[in-house]
Amino acid sequence: MIEAALQSTAGILCLALVFDAVIGDPPALWNRLPHPVVLFGNLIGWGELRWNRSETSIAACRRGGVLLVILLLIAAVLTGWLLHRVLSFVSYGWLLEAVVASVFLAQRSLHDHVAAVARAFETEGLQGARRAVSMIVGRDPEQLDEGGVSRAAIETAAENFSDGVVAPAFWYLLAGLPGLLAYKALNTADSMIGHKNERYLMFGWASARLDDLANLIPARFSAMLIWAAAFVVPGADARSSIRSTLRDARQHRSPNAGWPEAAMAGALGLRLAGPRVYGGRIVEDAWMGAGGADADMSDIRRALTLFRLACGALILVTGFLALAT
């Protein structure tokens, strides 16, 4: 029974989540081989050079962006299908598929990047923390005080828990490796060309809208996992987390990011999001949560505890689904 459960889609996903949590992305491997997400990025870069030119009309630019997303998704789905078919003919192919799926999850890498901000506060002070947080956020780190750096790190943990962990897990559970690779390709496109600026507003329109759609369910489930974690973390407030999510999430400028951010803000008794500076420009946004804005290193540590337990809750859910199928 256990072996059959492990070979199910949910069982393979459960193993992949465990592998990613324990091993993560070994630098020694990816220093020698291109990460699959880098390959997606290369294809996106090629498409932009070809179809997002300054002399191109607005309509043609949007069509080019749509065409790029279609080609990207076809390539991702076919690659995922071929990988699954090849592995199905290999002894213990289900175990190898779990290893492949783990490459597209980000529990360990996200945790380590956010934890690096807290360590930098301890060893190098504010300047070191600014350098560390600049590796994971797009806002100007020199504009951030201790509270700003801490909130940026916590927001990254919350938002990327949704699109770096829960969403790829959701799409693998729904459609196997083809669904997982398609989601990661789409999410990579959104991060590269889905920006609301003059260069990408039209060309990245399709990737941004489809990424919003792909994350609708995962973002809301991510909030629920944070609620569950808040019930068992000392000092976290699960009821406040639920209230903040239901009250504030829809006020966020993103249709999805507000859900895990509001859940994290309420659990920690903080205010997250709000106005932020990107490239010297203030981007207005609603505050998530009703607590204080003066976060510090200890709040990053508390957020990481919630993150770990929320990841653990996701593993338990997939394990239960594996045993139930």
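Throughout, read-outs are computed from the coordinates displayed, never taken from laboratory work. Quick caveat: nothing in here was measured; it's all calculated off a predicted structure. Here the Cβ is made from the backbone with ideal geometry for all residues, glycine too, and neighbour counts use every protein chain on show.
When a/c reaches 1.5 or more, the comparison of a/b and b/c decides; with that in mind, is the range 50-198 rounded, prolate or oblate per its Cα gyration tensor? Oblate. Distance between the 7 Å Cα→Cβ label points at HIS84 and ASP296: 5.0 nm.
Rounded to the nearest 20, the Cβ-based charge dipole of the range 108-201 about its Cα centre (Lys and Arg +1, Asp and Glu -1) stands at 280 debye. Considering only LEU87, LEU72, LEU15, the Gaussian network model of the chain with Cα springs below 10 Å gives its largest mean-square fluctuation to LEU87.
Think of the range 68-174 as a dipole: +1 on every Lys or Arg Cβ, -1 on every Asp or Glu Cβ, centred on the Cα centre; then among GLY128, GLY147, ALA106, ALA106 lies furthest on the positive end. For the range 168-325, the relative contact order is 17 percent, taking Cα pairs closer than 8 Å that sit 6 or more residues apart in sequence and dividing their mean separation by the residue count.
Averaging 1/r over every pair of different alpha carbons in the range 1-83 and inverting the result gives a Kirkwood radius of 16.0 Å. Taking amide H as placed 1.01 Å from N in the peptide plane, the amide H of VAL277 sits under 5 Å from that of ASP140, VAL283, each at least 5 places away or on another chain. Only helical DSSP H runs with n ≥ 4 go in: add -39500 (n - 2.57) per run for the chain, normalise by residue count and round the 222 nm mean residue ellipticity to 500 deg cm²/dmol. Rounded to the nearest 500, the figure is -23000 deg cm²/dmol. Diffusion of the range 259-302 by Stokes-Einstein, at 37 °C in a medium of 0.692 mPa s and with Rh set to the Kirkwood radius over alpha-carbon pairs, works out to 299 µm²/s. Mean-square fluctuation check for the chain, GNM, Cα pairs under 10 Å: which of SER207, SER102, SER298 is largest? Comparing SER207, SER102, SER298 in a Gaussian network model of the chain, the most mobile one is SER298. Mind checking the range 35-99 for GluC sites (Glu not before Pro) that DSSP puts in a loop (not H, G, I, E or B) and that have at most 13 other Cβ atoms within 10 Å? Passing both the DSSP loop test and the Cβ count: GLU55.
Result for the chain in a Gaussian network model with C-alpha springs under 10 Å: among LEU39, LEU126, LEU96, the largest mean-square fluctuation is at LEU39. Given +1 at the Cβ of Lys and Arg, -1 at the Cβ of Asp and Glu and no other charges, the dipole of the chain around its Cα centre is 580 debye to the nearest 20.
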